[in-house]
Amino acid sequence: MNDSAHVKYILSTGRTGTTQLREYLKKNYPELRIWFEPPPSRQLYLLWNAEQAGFIKQMTSLKLLNKYKSWQLKKNIGENIIEFDSYLSPLVCDYIEAEALPVIAHFIRHPYTWIQSIGNFKAASWRRHAVDILPFTYVVHPVAREEWSQMDKILKLAWSWRFINERILETQSPNSVYKLFKFEDFVSENTDLRLDTLRNIISFLHQHEITNVQDIDVSMKLNKSNADSISNWQEWPVNTLNKVNEICGDLMRRFDYEACDQ
């Protein structure tokens, strides 16, 4: 790995405010070099999922990512780079575990609202259609693989939420610099909490204390998700909600998220 590139990683399940953070950083901290889901993220995402399902040789996607990163870092020696990864978070975790001192910002969101948001997100209608019909478009938890085809969309997404967050948590080690940030704090209507979260995020990415930060516009919605195929969690069947709690419960408690029973 090339430490001189100064890469810091923002890892998440997606739909955690990272697009809004990217635009905020570009506007207020132009000295930072932003890589947002750098290509070929989508292709490697499908390849990695196929690999986990046993359709291609293990380590294939990681070898390709290593080659691409090596070329990418050589072009950007000395840059202060912030790399956003949501598509590739589990694969990027494999990659950064070999780094001497990886710096990882882990963005999380309550699984109830995340499931609704990611399930209804339509960046492009053709892409959403492709996600629903093509193989290897979901991150499948190994524990759930045998029963995957019988699950509904909500439960599949619950397992994906669990797997990606579990994998990011595994990157913590004595050799890593790790910090957790909540979507709910980043976009909070409580101004003090929101600004404090922003200060912590920017200080972590810069790795020195930032005292004054420009506020974000919480009314501005980027990549907005509207209720469509998945309703608000309050309207989910009791059995579905209980199963989501069962799947995600351990991490919800770890992240201090409440579980609700109908």
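What number comes out for accessible area per residue over segment 28-128 if the probe is 1.4 Å? Units Å², please. Present the calculation step by step, with values, prior to reporting the outcome.
On the way: 4480 Å² over 101 residues.
Accessible area per residue, segment 28-128: 44 Å².
Name the helices (complete DSSP H segments) of the chain with a Cα length along the long axis of 20 Å or more and a Kyte-Doolittle mean of at least -0.5, or state none.
On the way: long enough: 60-74 (22 Å, -0.79); 153-169 (24 Å, 0.18); 191-206 (22 Å, 0.13); 238-254 (23 Å, -0.39).
Membrane-span-like by this rule: 153-169, 191-206, 238-254.
Quick one: what do you get for segment 1-72 if you divide its Cα Rg by 2.2 N^0.38 Å?
Numbers: Rg = 14.7 Å, N = 72, 2.2 N^0.38 = 11.2 Å.
Dividing the Cα Rg of segment 1-72 by 2.2 N^0.38 Å gives 1.31.
From Cα pairs below 8 angstrom and at least 6 apart in sequence, can you work out the relative contact order of the chain, rounded to a whole percent? Each step should come with its number before you reach the end.
Details: 341 pairs, mean separation 67.4, N = 262.
Computed over the chain, the figure is 26 percent.
Could you give P(r) for the chain, binned at 10 Å from zero, as whole percent values over all Cα-Cα pairs?
Each 10 Å bin holds this share of Cα pairs: 6, 29, 37, 23, 5, 0.
Students often get this wrong, so check it: of Lys26/Lys74; Lys8/Lys75; Lys67/Lys179; Lys8/Lys179; Lys153/Lys243; Lys8/Lys57, which have C-alpha atoms separated by over 19 Å? Don't skip to the answer; put the middle values down first.
Working: Lys26/Lys74 23 Å; Lys8/Lys75 16 Å; Lys67/Lys179 28 Å; Lys8/Lys179 11 Å; Lys153/Lys243 12 Å; Lys8/Lys57 29 Å.
Checking Cα-Cα distances, Lys26/Lys74; Lys67/Lys179; Lys8/Lys57 exceed 19 Å.
Could you pull out every residue, at least 5 positions away or on a different chain, whose amide H is within less than 5 Å of the one on Phe84? Hs are placed 1.01 Å off N in the peptide plane, and Pro or chain starts have none.
Ile10, Trp35, Phe36, Glu37
What FRET efficiency do you get for Ala98 and Asp215 if R0 is 45 Å and r is their Cβ-Cβ distance, rounded to the nearest 0.05? Provide the component values of the computation, followed by the final result.
Working: r = 38 Å, r/R0 = 0.84.
Efficiency, from the Cβ-Cβ distance: 0.75.
Starting from the Cα-Cα distance between Ala53 and Glu79, subtract it from 0.36 nm times their residue separation and give me the gain in nm to one decimal.
Working: separation 26, 0.36 × 26 = 9.36 nm, distance 3.66 nm.
Going from the current span to full extension adds 5.7 nm.
Please report the spacing between the Cα centers of segment 138-176 and segment 1-72 in Å, no decimals.
One Cα centre to the other: 18 Å.
The values are calculated or read from the model by the stated rules, or taken from the named source; none is laboratory data. A quick note: this is a predicted structure, and the numbers were derived from the prediction, not measured. Don't worry about glycine lacking a Cβ; one is built from the backbone with ideal geometry, like all the others, and counts go over all protein chains shown. Ligands, DNA and RNA are excluded from the accessible area calculation, which covers all protein heavy atoms including side chains. Shrake-Rupley method; radii C 1.70, N 1.55, O 1.52, S 1.80 Å.
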